[in-house]
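Comments concern the structure below.
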Number of protein chains: 2
Amino acid sequence: MAVGSALAITVPATADDGLGDYRDRFEPLPHFPPIPADNSLTPEKVELGNMLFFEPRISSSGVISCATCHNPALGWADRIPRATGHDGQIGERNTPTVLNSGFLGSQFWDGREPDLEGQALGPIEADVEMAMDLETALERLNDFTLYQTKFAEAYPDDADPINANNLAHALASFQRTLNTPNSPFDRYLHGDQNALDQQEKDGMVAFVDNGCIACHSGPAMTDSNFHRIQVPGSSDVGRFEVTGDEADMYKFRTPTLRNVAVTYPYMNNGATETLEESVAIMGKEMLGRDFEEQTIADITAFLHTLTGEMPDFDVPALP
Amino acid sequence: MAVGSALAITVPATADDGLGDYRDRFEPLPHFPPIPADNSLTPEKVELGNMLFFEPRISSSGVISCATCHNPALGWADRIPRATGHDGQIGERNTPTVLNSGFLGSQFWDGREPDLEGQALGPIEADVEMAMDLETALERLNDFTLYQTKFAEAYPDDADPINANNLAHALASFQRTLNTPNSPFDRYLHGDQNALDQQEKDGMVAFVDNGCIACHSGPAMTDSNFHRIQVPGSSDVGRFEVTGDEADMYKFRTPTLRNVAVTYPYMNNGATETLEESVAIMGKEMLGRDFEEQTIADITAFLHTLTGEMPDFDVPALP
């Protein structure tokens, strides 16, 4: 490592705030998540996925698209406790944001799909969401010459490119572009020590010292692991539904904290509206601690620094 | 008027196609509709109206906004026969596009409101649309400091700016910006005689010669008047519901033809999917003519030239 005068050239001009040991516990959010080898990220797939994400004709009613619940105006989620889908039915769980979802180690609250390709078709087919038969969805897309063209461009080696696999891969590709780098906290981690004010830094310290970081770690601030929690009003057995293993009863995947300030309400059932209330509950349920008011205020201030730059996308002109 | 060599300077370089008498029957679409004296078009009202247009919290379910049925991805309409609203209920009529709606002499299929200010609150309160109590909608908006700020900026003279009148005026202001000038036909009317090909010009001629222009006149290609029509499958009494006058039985306001190619399906009940079918029905029902195949193809080609430039808008970041 460089020392002495050589080092002086590389440090930022601002005085060090002495919190390097804390900063080292975190990772800034990259501009892109890992791209799987079997789904290269091409502009053609992203453009097609963007169209499909806003496409209501792949729901049985013809009026619900991915963007209905993952609404770009609402932090790419829906800001209601539990998702409302086909015919006004209300689902069991809170809609997770799709922002930065490519950074997650598994998908859905219960992690029942390993990746975005596995996740993409679930809401289309779910009775309480888009309630659509997949074959009918593909037939509807095939009725439009524009989709015939766009699928052929995205999958030039496929003789019959409008199929379920390609639909899922295109949606996953688009979602991998919905990332929010350059939050104040990212700028802080990248060296701008003025990007956070003192209370926000106090919150970062409290976040580490109290152990929040044990589960909320890594670039998306989730370990992508499953932890047992029962929040007010929830009898949801969580991961147990997937594995049937008693050890997974009431376990949910740690949610990302990226953009948490704009993705309320919180918890698997949307039970809490405010970050303050959520921080208090997490302290009690997960860490066995009754946080002081000041600690809650500081951690909340810190969480607000995790809101990044919202991604570019087009409202497509659908056929 | 200028003559001789002075005139030669002002005519376009291309040869005249000899259809001036036909062109003179039409009006190009202006960039903005008339602005009412009691609702000046300010950037603050437009920005607020843009937010409110995408705001689902002013529906009782919290998931339906104006943009749900007036979807910018779908020609600012919904591309289904009849509107689907609260709890999946299906309404009686086809969703009209909001594009260029400021040019219409009255609002709704039955003209029951004279202007956009009168129209704006209807869908919020309608049981089969957003199903929302207006007082509750205003209370929900008032819960957000961002809306308190934006209403105050849009209505600086009001002590209590979050009210129904201002909500309607802001939505109307935003809608008056959703115009689609510079269609191929507008460019043709403005002097570019190559903006239409021969079939499209033949369609324009057929449109005039067959009398379509009797009702589809003016910049939005509607006389904003009410005409009796019963399309397949419709028992809707139309304007009679508004006036109670037997003479208004089955009458509907002439719909705009601007962007008609991207605002299918057609008719008050969305009975027809294609322009060809719609042109044939209109010929028979309104003009008592059985159009030849060629005439239908020509008029359809002409109607495709009425698709203009889609308006700029933001997907707002809602609070």
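Odds and ends about this structure:
- Here the average projected area of the convex hull drawn through the C-alpha atoms of the protein assembly as shown stands at 38.0 nm².
- Its residue count N sets the reference 2.2 N^0.38 Å, and the alpha-carbon radius of gyration of segment B:43-175 equals 1.00 times that reference.
- Listed residues A:Thr256, A:Thr145, A:Thr97, most fluctuating in chain A (Gaussian network, C-alpha, under 10 Å): A:Thr145
- When nucleic acids and ligands are ignored and a 1.4 Å probe is applied, B:Arg253 ends up with an accessible area of around 20 Å².
- Cβ charges +1 (Lys, Arg) and -1 (Asp, Glu), total dipole of segment A:23-165, debye: 720 debye
- Placing dummy labels 7 Å off each Cα toward the beta-carbon, the span from A:Ala261 to B:Arg289 is 6.3 nm.
- Only protein heavy atoms count here, probed at 1.4 Å, and on that basis chains A and B bury about 1700 Å² of accessible area in total.
- Sorted from shortest to longest, the distances between the B:Ala214 label points of this copy and the other copies are 8.2 nm, with each point 7 Å from Cα along the line through the beta carbon.
- Dimensions of segment B:75-119 along the principal axes, based on C-alpha atoms and rounded to the nearest Å, stand at 30, 21, 15, largest first.
- Top positive-direction residue, dipole computed over the protein assembly as shown with Cβ charges, set A:Asn194, A:Ala154, B:Met221: A:Asn194
- Top positive-direction residue, dipole computed over segment B:35-126 with Cβ charges, set B:Thr42, B:Ala120, B:Cys66: B:Cys66
- Pairwise Cα distances in chain B exceed 28 Å for 44 percent of all pairs.
- Among the residues of B:63-71, the average count of other protein chain beta-carbon atoms within 10 Å of the residue beta-carbon is 4.
- All lysines inside 16 Å of A:Lys150 as judged from Cα atoms, apart from same-chain residues fewer than 8 positions distant: A:Lys45
- Protein accessible area in chain A, 1.4 Å probe - carbon and sulfur %: 50 percent
- Potential extension, A:Leu19-A:Glu125 segment - 0.36 nm per residue separation minus Cα distance: 33.3 nm
- All lysines inside 17 Å of B:Lys284 as judged from Cα atoms, apart from same-chain residues fewer than 8 positions distant: B:Lys251
- Max mean-square fluctuation residue, GNM over chain A, Cα-Cα springs under 10 Å, options A:Asn166, A:Asn142, A:Asn182: A:Asn142
- Chain B: angle of helix B:43-53 to the longest principal axis, Cα-based, in degrees nearest 10: 80 degrees
- Under 5 Å between amide hydrogens, built in the peptide plane, is the criterion, and for B:Gly238 it picks out B:Tyr250 among residues at least 5 positions away or on other chains.
- For B:Arg93, the residues whose modelled amide H falls within less than 5 Å of its own, excluding neighbours fewer than 5 places apart on the same chain, are B:Ala83.
- FRET efficiency, 1/(1 + (r/R0)^6) with R0 30 Å, evaluated for A:Asp314 and A:Gln198 via beta carbons: 0.15
- For chain A, a crude dipole built from +1 on the beta carbon of Lys and Arg and -1 on the beta carbon of Asp and Glu, taken about the Cα centre, is about 260 debye to the nearest 20.
- 14 Å reach of a label modelled at A:Asp157, 7 Å along Cα-to-Cβ, counting backbone N of segment A:19-42: A:37-42
- Between identical copies, the spacing of B:His31 label points, each set 7 Å from Cα toward the C-beta atom, reads 3.4 nm from nearest to farthest.
- The C-alpha atoms of chain A define a longest principal axis, and helix A:293-304 lies at about 50 degrees to it.
- Stokes-Einstein D in µm²/s, Kirkwood radius over Cα pairs - segment B:200-287 at 25 °C with 0.890 mPa s viscosity: 179 µm²/s
- Each Lys and Arg contributes +1 and each Asp and Glu -1, all at the Cβ; summed about the Cα centre of the protein assembly as shown, the dipole is approximately 300 debye.
- In Hz, Karplus ³J(HN,Hα) per residue of segment A:260-266 (6.51, -1.76, 1.60; θ = phi - 60°; x = Gly, Pro): 4, 5, 10, 10, 6, x, 10
- Per-residue ellipticity at 222 nm, computed for chain B from helices alone with -39500 (n - 2.57) per DSSP H run of at least four residues, works out to -9500 deg cm²/dmol.
- Per-copy distances of the B:Gln294 label point, shortest first, in nm (7 angstrom along Cα→Cβ): 9.0
The values are calculated or read from the model by the stated rules, or taken from the named source; none is laboratory data. Everything numeric here is computed off the predicted structure, so don't read it as measured data. Note: ideal-geometry Cβ built from the backbone for every residue, glycine included; neighbour counts use all protein chains shown. Calculation scope for accessible area: heavy atoms of the full protein, side chains included, ligands and nucleic acids excluded. Shrake-Rupley method; radii C 1.70, N 1.55, O 1.52, S 1.80 Å.
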